[in-house]
Amino acid sequence: MAARPPRPPEGGFLYGPVPSRRLGRSLGVDLVPFKTCSYDCVYCQLGRTTCRTLERSEYVPTTQVLDAIAAFRRSGAAADFIGIAGSGEPTLHAGIGDIIAGIRQRTRLPVAVLTNGSLLWDAEVRRELSRAHVVIPSLDAGGPRTFRRVNRPHPGLAFETVVEGLAAFAAGFRGEIWLEVMFVAGINTDLREVRRIARLADRIGPRRIQLNTVVRPPAERFARPVPREDLARLARCLGGRAECIADFRPDAETATPRSRAGERAILELLARRPCTVSGIADGLAIHPQEAVKRLDDLLRRGLVAVNERDGERYFGLKRIRTPRVRSGLPERSLP
Ligand code: SF4
């Protein structure tokens with residue numbers, strides 16, 4: 001396959017540290033341009049995939065990523081983990097092995113890779129990920145039909161190949177594997193499907209099985225969350241290693257002065273016009289994942305609403321009614 005010229009993802013290589021339920025304060029590392037992925041998951045919080053590919057390439061220059069990591073370390077900022085994730089599938093980056101090795105040389109922080117696991121059939125990808133401390137792959141289906149419905153993979157990916165890759169990686173990996181299962185109501189929640197997923201998880205043998213559901217605005221409106229009680233029931237079907245990690249909290253508990261400043265900038269932008277996630281990220285020069293986390297909190301607090309237009313999800317200020325106390329003022333927007 002022809003190599004593409006490197007091009008940085010919008011918003012730079014690093015973002016955060018952002019609060020993460022699983023990783024604490026996680027410094028995010030993004031290795032691919034926005035929505036470059038081998039899947040187009042119906043639940044993706046970043047919207048629909050714009051570049052669905054299996055092409056591995058040095059999408060961003062490896063040396064520049066490592067320079068940014070070194071600069072982060074020199075800044076003295078604190079983090080609990082370095083999380084390689086971002087706005088697409090990180091194993092599509094052909095230099096991910098060098099990047100993990102380089103991070104380990106430059107910092108003492110543990111490295112986690114959040115991946116859809118779709119390229120682990122490739123021995124080279126397995127070798128490259130072997131130096132991570134934690135690998136968090138996803139498995140959202142127990143068979144090919146549901147795989148196509150939930151993950152909408154690149155046509156070159158077969159379900160059985162993906163599962164074989166996951167099992168082969170797990171057999172040789174010395175770090176921890178936390179298998180994430182994203183449940184979408186009515187699509188992969190059928191008991192027979194869940195039992196199939198449980199059997200595959202047994203074969204892979206992860207340290208943890210982490211159950212999630214659609215708590216952030218998804219790519220497709222029909223992707224609905226599973227209620228908290230049902231998720232707990234599904235966890236029981238998946239055995240003792242399974243835990244629910246879905247963030248159903250009504251309020252964010254992690255607001256810091258910096259995050260509040262970020263929120264204010266988003267609200268000011270949305271007061272001018274509704275925006276997509278990538279529009280907010282571009283407009284404020286922040287990473288899309290950071291925009292998603294801030295929006296998530298604003299949605300929970302009822303300050304922002306989401307609307308679909310031309311197949312895109314737009315975020316805007318939520319209009320609220322002010323009490324009519326003699327002034328007869330019309331509706332106003334927050335804040
Ligand atoms: S959820 Fe992850 S794997 Fe699925 S489309 Fe989004 S970035 Fe790709």
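A short reminder: the numbers here are calculations on the coordinates, not readings from a lab. Treat the numbers as computed from the prediction; the structure is a model and nothing was measured. Cβ atoms come from the backbone with ideal geometry, glycine included; neighbour counts cover every protein chain shown.
For the chain, with the dipole built from +1 on Lys and Arg beta-carbon atoms and -1 on Asp and Glu ones, taken about the Cα centre, which of Leu267, Ala171, Phe13 lies farthest toward the positive end?
Leu267
Could you please report the charge total around Ser38, scoring K, R as +1 and D, E as -1 over all other residues with beta-carbon less than 11 angstrom from its beta-carbon? Could the numbers behind the result be given before it?
Working: positive: Arg52, Arg56, Arg152; negative: Asp40, Glu55, Glu89.
Here the charged neighbours net out to 0.
Could you work out how far helix 228-237 tilts from the main Cα principal axis of the chain, as a 0 to 90 degree angle to the nearest 10?
Result, in degrees: 10.
Mind pulling the angle between the C-alpha long axis of helix 159-172 and the longest principal axis of the chain? Nearest 10 degrees, somewhere in 0 to 90.
The answer is roughly 70 degrees.
To the nearest 20 debye, what is the magnitude of the charge dipole of the chain about its Cα centre, counting +1 on the Cβ of each Lys and Arg and -1 on the Cβ of each Asp and Glu?
Values: 54 positive and 37 negative charges, 200 e Å.
Dipole magnitude for the chain comes out near 960 debye.
Round to the nearest 0.05 the FRET efficiency obtained for Ala185 and Arg74 when R0 = 51 Å and r is the Cβ-Cβ distance. Before the final figure, lay out the partial values.
Working: r = 46 Å, r/R0 = 0.90.
Given R0 = 51 Å and the Cβ-Cβ separation, E is 0.65.
From Cα pairs below 8 angstrom and at least 6 apart in sequence, can you work out the relative contact order of the chain, rounded to a whole percent?
Details: 646 pairs, mean separation 52.0, N = 335.
In percent, rounded to a whole number, it is 16.
If you count the DSSP beta bridges with both ends in the stretch 14-244, what percent of them are antiparallel, to the nearest 5?
The antiparallel fraction comes to roughly 15 percent.
Along the charge dipole of the stretch 13-155, Cβ charges K/R +1 and D/E -1, which of Leu114, Thr91, Thr53 sits furthest on the positive end?
Leu114
Whole number please: convex hull volume per residue, Cα atoms of the chain, in Å³. Let's see the in-between values first.
Values: hull volume 47.8 nm³, N = 335.
Taking the convex hull of the Cα positions in the chain, it is 143 Å³ per residue.
For the Cα atoms of the chain, what angle does the longest principal axis make with the long axis of helix 191-204, in degrees from 0 to 90, nearest 10?
Between helix and principal axis, roughly 50 degrees.
Top mean-square fluctuation among Asp80, Asp310, Asp296, Gaussian network model of the chain, C-alpha springs under 10 Å?
Result: Asp310 has the largest fluctuation of those listed.
Can you tell me the length gained on complete extension of the stretch Ala101 to Glu176, counting 0.36 nm per residue apart and subtracting the Cα distance?
25.3 nm
Using a 10 Å cut-off on Cβ atoms, rank the peptides 88-97, 191-200, 271-280 from the highest mean neighbour count down.
Values: 88-97: 24.7, 191-200: 15.7, 271-280: 17.4.
In decreasing order of mean packing, 88-97, 191-200, 271-280 become 88-97, 271-280, 191-200.
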